[in-house]
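Following: one structure in structure tokens, then a few remarks.
The values are calculated or read from the model by the stated rules, or taken from the named source; none is laboratory data. If you're wondering where the values come from, they're calculated on a predicted model, not measured in any experiment. Methodologically, a virtual Cβ is constructed for each residue, glycine included, from the backbone with ideal geometry; neighbour enumeration extends over all protein chains shown. Calculation scope for accessible area: heavy atoms of the full protein, side chains included, ligands and nucleic acids excluded. Shrake-Rupley method; radii C 1.70, N 1.55, O 1.52, S 1.80 Å.
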Amino acid sequence: MYTGIVQAACTVLSVQRSTGLQQLVIALPAPLAEGLVVGASVGVDGVCLTVTGLQARQVSFDVMAQTLSLTTLGELAAGDAVNVERSASQGAEIGGHLISGHIDGCAEIIAIHTPANNRVLRLRPPPALMKYLLNQGFVGLNGCSLTLAAVDREQGWFEVHLIPETLRITTFAAKRVGDRINLEVDRQTQAIVDTVERVLRDNPGLLLNR
């Protein structure tokens with residue numbers, strides 16, 4: 001699990017592709033590399049990956065085919081930057097909301113607005129995920145816990161606002177219209193929506209009796 005507070009934007013050193021698998025090597029800053037071991041979990045652009053190799057501060061990860069099909073990790077190249085968060089330790093402060101690292105799909109940036117000291121991203125998610133996106137609710141974008149500032153269900157988009165500190169510590173300042181972002185819906189919202197839908201589907205008379 002992760003807190004949704006990105007700890008650093010880190011550089012991809014190399015990408016090695018083979019059938020059904022991709023190996024990433026990422027350079028971590030010293031504080032994030034300290035105490036890291038093979039088998040540990042690290043959030044990379046919101047995706048929970050397992051450490052498969054360590055050489056000083058160079059960390060290797062294997063990305064399997066299913067993850068490549070659901071996320072943007074297959075689009076990475078050497079020199080790209082990614083958001084990184086170490087997995088949460090027991091007793092860690094949850095400054096954002098709990099993130100599992102299991103991506104639900106990719107959202108496309110369709111507009112960017114830059115009011116003073118702010119940056120607003122408008123994104124279009126897969127239609128099936130819109131029901132889990134609620135105004136003032138939470139969403140995980142490339143591993144960053146963000147509040148939904150606006151949601152338009154008819155047009156199929158949502159907006160998030162990024163403060164200067166978020167832009168400084170993450171990769172969002174470099175994002176452009178057309179870029180895809182890894183999206184994880186809030187699991188509590190998902191559980192509530194799915195439960196209500198299931199109850200209403202199994203008991204259609206509940207709405208008729210109101």
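Structure summary
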{"quantity": "Any pair with Cβ under 8 angstrom, 6 or more apart, that starts in region 133-145 at a residue that is β-branched (Val, Ile, Thr) and surrounded by 24 or more Cβ atoms within 10 Å (Cβ to Cβ) and ends at one that is modelled with pLDDT under 95 and not in a strand (DSSP E or B)", "calculated": "139/186"}
{"quantity": "Unique match (being touching a residue at least 12 places away in the same chain (Cβ under 8 Å), under 23 Å from residue 133 (Cβ atoms), surrounded by 21 or more Cβ atoms within 10 Å (Cβ to Cβ) and among the aliphatic types (A, V, I, L, M)) among 99, 5", "calculated": "99"}
{"quantity": "Strands (runs of 3 or more DSSP E) within region 82-163 that include 3 or more residues of a type in the set (D, E, K, R)", "calculated": "119-124"}
{"quantity": "Residue within region 175-186 that is open to solvent by 50 Å² or more (accessible area, probe 1.4 Å), closer than 19 Å to residue 85 by Cα and in contact with a helix residue (DSSP H, G or I) (Cβ under 8 Å, 6 or more places away or on another chain) present", "calculated": "no"}
{"quantity": "Criterion violated by residue 166 - all others in (1) at pLDDT 95 or above; (2) more than 13 Å from residue 137 (Cβ to Cβ); (3) open to solvent by less than 40 Å² (accessible area, probe 1.4 Å); (4) under 16 Å from the mean Cα position of the chain (by Cα) satisfied", "calculated": "(1)"}
{"quantity": "Filter pass, residue 71 being in contact with an Asp or Glu (Cβ under 9 Å, 6 or more places away or on another chain), modelled with pLDDT of 95 or more and over 27 Å from residue 139 (Cα atoms)", "calculated": "no"}
{"quantity": "Filtered residue count, region 105-121, keeping only those that are within 21 Å of residue 71 (Cβ to Cβ) and open to solvent by 20 Å² or more (accessible area, probe 1.4 Å)", "calculated": "3"}
{"quantity": "Selection count where residues are touching a strand residue (DSSP E or B) at 6+ places or on another chain (Cβ under 8 Å), among the polar types (S, T, N, Q) and more than 17 Å from residue 8 (Cβ to Cβ), scope region 39-69", "calculated": "4"}
{"quantity": "Criterion: touching a residue at least 12 places away in the same chain (Cβ under 8 Å) and open to solvent by 70 Å² or more (accessible area, probe 1.4 Å) - qualifying residue of 42, 37", "calculated": "37"}
